[in-house]
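Undergrad: This is the structure I want to talk about, given as structure tokens.
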Amino acid sequence: LGGLFDHILIDEYQDTNPIQADIVRQMCSGGAQLTVVGDDAQAIYGFRAATVENMWRFSEDFPGATTLTLTGNYRSTEPVLAVANAIVSQSEFLVPKMLESMRGTGVRPRLVTCADEGAQSVAVCDRVLELREEGVSLEDQAVLFRAGHHSDHLELELIRRNIPFVKYGGLKFLEAAHVKDLMALLRVLENPSDELAWNRCLSMLAGVGPATVARITEEIGVADPEVGDPLARFLSSGPALAPRAKESLELLAGAWAACPDLDPADQVAVMHRFCSHVFPARYDDHLARLGDLDQLAVTARSYRTRGEFLTELVLDPPERTGDLAGPPHLDDEYLTLSTIHSAKGREWTAVHLIHAADGNIPSDMSLGDAHQLDEELRLAYVAVTRARDHLEVNFPLRYHVHRHAFDDRHHLAPLSRFLEPVREHFDPVAAGPDASDEATAIEGVDLTDEVDMFLEGLWD
């Protein structure tokens, strides 16, 4: 490669891996002029082998290199950059630099303390609509989060309010296959003639293929309204199946039979138990998928009837079989939901960061390694620097132990260790009952060591 090029220009150099850096060195061996651009504070792709050390040792790899530090920022206002600078200054490894806004002052960021995850979803939707009334369109707003599943509860609230959105960095909650499974179980109860729902439910049973599904639906008269109630026939007769499928079929029949007198949340709980029996054979990551279903039970509490619940959480048209979320039409106005990783390189007038609690930001998986923890800090920096004018940071005080249960068992969640030292740069806001009192009680209390010990204990 050496000698093929006279000039080489590379962008996002902080995201290169060791092999790519070696290729660059070989390309320059013939005397080519090299220019790289990068920001070590935005090095967030360690999980795919990128190493920020390529940036730090650039002068060693290329002796005589000239370094230019660019600190002028044309995106964000001074109050937003005050938060960003305060976050990145906590790093033990990054090259020191302070961003300066070329746009001047603006509104102060808001730190929204929410009573729990439900209050957070309501607060975010309220604020999104409030900003829209003030002239900030949905397309100019984004909700960011550390992990794809962090938006589950919010997605349900957005759907309930008919706020259109597109999600990057994960599945739309109601488009995920395992969520469709549970919704299909409820749809059969609501409309026993729903052939597509029957097909999905019966396909969940071990050893039941398309031919068997077709035979069963024909036997019980799903497509023939003159035969009578297909669900009643299914529960009374019980189709003949191979021994492998008989146990799961009996569990399915028992789950459906238990539901008529239950409220929507209890029906979801019953179906959740059925899914816990069939998901291990259906999905490799069945535990994570079962955890997702807890969100449906939380949402179902708000509805009086199953029909009301299903109507408000209507899925995509039946002919859509893909599980991946796609963007709306170009002319549509929609809110962006995105993981922080997928948001890198983008910007919005208003950014709503959710689940900014310790254990989420930083991720509990990074607590045992200083360099991984520093990458989590850089991730927080990337999140807040996506905002041009409005920065809203939300964190729930309480996380319920069993979100599908009706008790109030929960644990308190401290604000992210990266944000606790920079509270002075935010205007505090309380959302939900008791949020203000509980926030005052734990404000300024350093729970970092306790959180680390608790989270590490989960992996023992």
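The values are calculated or read from the model by the stated rules, or taken from the named source; none is laboratory data. Remember, predicted model here, so these are calculated numbers, not experimental data. Ideal geometry is used to build each Cβ from the backbone, glycine not excepted, and the neighbour counts take in all protein chains shown.
Undergrad: Residues Ile44, Ile19, Ile23: which one is buried (at least 19 other Cβ atoms within 10 Å of the Cβ) and either among the hydrophobic types (A, V, I, L, M, F, W, C) or assigned to a helix (DSSP H, G or I) (or both)? Show your work before the answer.
TA: Numbers: Ile19 fails: buried (at least 19 other Cβ atoms within 10 Å of the Cβ); Ile23 fails: buried (at least 19 other Cβ atoms within 10 Å of the Cβ).
Result of the check over Ile44, Ile19, Ile23: Ile44.
Undergrad: If you check Gly207 against the conditions, is it in contact with a helix residue (DSSP H, G or I) (Cβ under 7 Å, 6 or more places away or on another chain), under 30 Å from Thr385 (Cα atoms), part of a loop (DSSP other than H, G, I, E, B) and at pLDDT below 90?
TA: Working: in contact with a helix residue (DSSP H, G or I) (Cβ under 7 Å, 6 or more places away or on another chain): yes; under 30 Å from Thr385 (Cα atoms): no; part of a loop (DSSP other than H, G, I, E, B): yes; at pLDDT below 90: yes.
So Gly207 fails the test.
Undergrad: Something else now. Could you please tell me which pairs satisfy a Cβ distance under 8 Å, a separation of 6+ or placement on different chains, a first residue in segment 80-93 that is closer than 14 Å to Thr385 by Cα, and a second residue that is part of a helix (DSSP H, G or I) and β-branched (Val, Ile, Thr)?
TA: Val80/Val384; Val83/Val384; Val83/Val422; Ala84/Val384; Ala86/Val422; Ile87/Val384; Ile87/Val422
Undergrad: Can you name the condition, by its number, that Thr67 falls short on among (1) surrounded by fewer than 18 Cβ atoms within 10 Å (Cβ to Cβ); (2) within 28 Å of Ala350 (Cβ to Cβ); (3) of a type in the set (Ser, Thr, Tyr)?
TA: Result: Thr67 passes all but (2).
Undergrad: For segment 344-377, which positions are touching a strand residue (DSSP E or B) at 6+ places or on another chain (Cβ under 9 Å) and not in a strand (DSSP E or B)?
TA: So in segment 344-377, the residues touching a strand residue (DSSP E or B) at 6+ places or on another chain (Cβ under 9 Å) come out as 346-361, 367, 372, 376.
Within segment 344-377, Arg346, Glu347, Ile354, His355, Ala356, Asp358, Asn360, Ile361, Leu367, Gln372, Glu376 meet the criteria.
Undergrad: Can you pull out the residues in segment 172-193 that are surrounded by 19 or more Cβ atoms within 10 Å (Cβ to Cβ) and not in a helix (DSSP H, G or I)?
TA: Of everything in segment 172-193, those that are surrounded by 19 or more Cβ atoms within 10 Å (Cβ to Cβ) and not in a helix (DSSP H, G or I) turn out to be Lys172, Ala176, Pro192.
Undergrad: Given (1) under 15 Å from Leu249 (Cα atoms); (2) of a type in the set (Ser, Thr, Tyr); (3) touching an Asp or Glu at 6+ places or on another chain (Cβ under 9 Å); (4) surrounded by fewer than 19 Cβ atoms within 10 Å (Cβ to Cβ), identify the lone condition not met by Thr217.
TA: All conditions pass for Thr217, except number (4).
Undergrad: Of everything in segment 47-59, what is surrounded by fewer than 18 Cβ atoms within 10 Å (Cβ to Cβ) and within 30 Å of the chain's Cα centre (by Cα)? Give them in sequence order.
TA: Correct list: Phe47, Arg48, Ala49, Glu53.
Undergrad: Ok, one more. Scanning for something closer than 27 Å to Ala380 by Cα, among the polar types (S, T, N, Q), touching a Phe, Trp or Tyr at 6+ places or on another chain (Cβ under 9 Å) and not in a helix (DSSP H, G or I), does segment 130-147 turn up at least one residue?
TA: Yes: segment 130-147 contains one or more residues that are closer than 27 Å to Ala380 by Cα, among the polar types (S, T, N, Q), touching a Phe, Trp or Tyr at 6+ places or on another chain (Cβ under 9 Å) and not in a helix (DSSP H, G or I).
Undergrad: Keeping to segment 148-171, report how many residues are in contact (Cβ under 8 Å) with a residue 12 or more places away in the chain and not in a helix (DSSP H, G or I).
TA: Residues of segment 148-171 that are in contact (Cβ under 8 Å) with a residue 12 or more places away in the chain, as a first pass: 148-161, 163-171.
Applying the additional criterion that residues be not in a helix (DSSP H, G or I) yields 161, 163-171.
Final tally of qualifying residues: 10.
Undergrad: I would also like to ask the following. Out of everything in segment 26-41 that is assigned to a helix (DSSP H, G or I) and under 23 Å from Lys344 (Cα atoms), what residue ends up being nearest to the chain's Cα centre (by Cα)? Even if it seems obvious, please write down each step before you answer.
TA: Let us first name the residues in segment 26-41 that are assigned to a helix (DSSP H, G or I), namely 26-27, 40-41.
Among the residues that remain, those that are also under 23 Å from Lys344 (Cα atoms) are: 40-41.
Values: Asp40: 25, Ala41: 23 Å.
Ranking the candidates gives Ala41 first.
Undergrad: Still on this structure, please answer the following. Please specify each residue of segment 232-264 satisfying the condition of being in a helix (DSSP H, G or I), in contact with a helix residue (DSSP H, G or I) (Cβ under 6 Å, 6 or more places away or on another chain), closer than 18 Å to Asp181 by Cβ and among the small types (Gly, Ala, Ser).
TA: Residues satisfying the conditions are Ser248, Ala253, Ala255.
Undergrad: For segment 108-116, state whether one or more residues are modelled with pLDDT under 95, part of a loop (DSSP other than H, G, I, E, B), surrounded by 15 or more Cβ atoms within 10 Å (Cβ to Cβ) and not assigned by TED's automatic domain parsing to the domain that holds Cys259.
TA: There is no residue in segment 108-116 that is modelled with pLDDT under 95, part of a loop (DSSP other than H, G, I, E, B), surrounded by 15 or more Cβ atoms within 10 Å (Cβ to Cβ) and not assigned by TED's automatic domain parsing to the domain that holds Cys259.
Undergrad: Taking Ala119 as the residue in question, decide whether it is surrounded by 19 or more Cβ atoms within 10 Å (Cβ to Cβ) and either in the same structural domain as Ser276 (by TED's automatic domain parsing) or in contact with a Cys (Cβ under 6 Å, 6 or more places away or on another chain) (or both). Please lay out each step first, then the result.
TA: On the way: surrounded by 19 or more Cβ atoms within 10 Å (Cβ to Cβ): yes; either in the same structural domain as Ser276 (by TED's automatic domain parsing) or in contact with a Cys (Cβ under 6 Å, 6 or more places away or on another chain) (or both): no.
No.
Undergrad: Further, regarding this structure: Got at least one residue in segment 178-185 being in contact (Cβ under 8 Å) with a residue 60 or more places away in the chain, closer than 30 Å to Ala288 by Cβ and of a type in the set (D, E, K, R)? Full working, then the answer.
TA: Going residue by residue through segment 178-185, those that are in contact (Cβ under 8 Å) with a residue 60 or more places away in the chain are 178-183, 185.
Then keep just the ones that are closer than 30 Å to Ala288 by Cβ; that gives 178-183, 185.
Adding the requirement that they be of a type in the set (D, E, K, R) leaves 180-181.
Looking through segment 178-185, at least one residue is in contact (Cβ under 8 Å) with a residue 60 or more places away in the chain, closer than 30 Å to Ala288 by Cβ and of a type in the set (D, E, K, R).
Undergrad: Count, please, the residues in segment 307-341 that happen to be farther than 16 Å from Val179 by Cα and modelled with pLDDT of 80 or more.
TA: The first filter runs over segment 307-341 and keeps only residues farther than 16 Å from Val179 by Cα, leaving 307-308, 319, 326-341.
Retained after the next criterion (residues that are modelled with pLDDT of 80 or more): 307-308, 333-341.
Of the residues in segment 307-341, 11 are farther than 16 Å from Val179 by Cα and modelled with pLDDT of 80 or more.
Undergrad: Taking segment 418-437 only, how many residues are at pLDDT 95 or above and either assigned to a loop (DSSP other than H, G, I, E, B) or closer than 30 Å to Gln267 by Cβ (or both)?
TA: 3
Undergrad: So which residues in segment 1-16 are outside any loop (DSSP other than H, G, I, E, B) and surrounded by 11 or more Cβ atoms within 10 Å (Cβ to Cβ), if there are any at all?
TA: Here is the first cut: in segment 1-16, the residues outside any loop (DSSP other than H, G, I, E, B) are 7-10, 13-15.
Once the filter is applied, which keeps residues that are outside any loop (DSSP other than H, G, I, E, B) and surrounded by 11 or more Cβ atoms within 10 Å (Cβ to Cβ), segment 1-16 yields Ile8, Ile10, Tyr13, Gln14, Asp15.
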